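*Asks:* Following this message is one structure expressed as structure tokens.
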Amino acid sequence: MTKRFSNPLCLHAGSTNTGRILATLAVITVLDGCSTAAEHYRELGATEDRAMTVGLVQKNVSKGLPQSSVATTLGSPNIVTRDTDGKETWIYDKVASEASFSQGTGNVNSSLSGFGSFPSAGGNSGSVMASIFGGYSKSAGAASVTQRTLTVVIKFDPSQRVDSVTYHSTKF
């Protein structure tokens, strides 16, 4: 006589003996996310607070400002020239490069374990234990490089006050 079980964890062990396998299954999954390049870029912090910018020049350098105030605000120029009339020209030529790189890894690991026991011929019982392990991992990265240039030309009158300010800025 064959006995059928409605529970899917119970199995038929043969035509004359019925057996039951008790199984415990455990699935453990570990996920480890990765950060994007944009997230890493935000963590770099701003460098604009320390750099010369067009805004800094527009805000702090105007016609009539003494040379000493320009030097205090912008620092020493890269190039200084004096024409035949005794007028000085200060040139600030700044180049900045900013590079960022982001790399992240992710993985998924899982484990499936089972244990069961069943009666065998002669009244003894047997047991079965099985484990399955698997996993997946990946890594990804991104890089970004930005170049900025700023050229500021300040011409002074004979009394060492700002006569004119011009600038050229690029970012690529």
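*Asks:* Which of Glu98, Glu88 comes first, and how do the rest follow, when ranked by fewest Cβ neighbours within 10 Å?
*Replies:* Glu98, Glu88
*Asks:* Another one. Show the residues, 5+ positions off or on another chain, whose built amide H is closer than 5 Å to the amide H of Leu65.
*Replies:* Val162
*Asks:* If you don't mind, there's one more thing I want to ask. Between Phe172 and Lys138, what is the label-point separation in nm under the 7 Å Cα-to-beta-carbon projection?
*Replies:* For Lys138 paired with Phe172, the spin-label model returns 3.4 nm.
*Asks:* Something else: What's the extension gain from Arg161 to Gln67 if we count 0.36 nm per residue and subtract their Cα-Cα distance?
*Replies:* 33.3 nm
*Asks:* HN-Hα J couplings of the stretch 80-94 from phi, Karplus 6.51/-1.76/1.60, θ = phi - 60°, integer Hz, Gly and Pro as x?
*Replies:* Once rounded to whole Hz, the list reads 10, 10, 10, 8, 5, 8, x, 8, 8, 10, 10, 10, 9, 10, 10.
Just so you know, all these numbers are worked out from the coordinates, no wet-lab data involved. Bear in mind that the values here come from a model prediction, so they are computed numbers and not experimental data. No Cβ is skipped: glycine too gets one built from the backbone with ideal geometry, and neighbour counts run over all protein chains shown.
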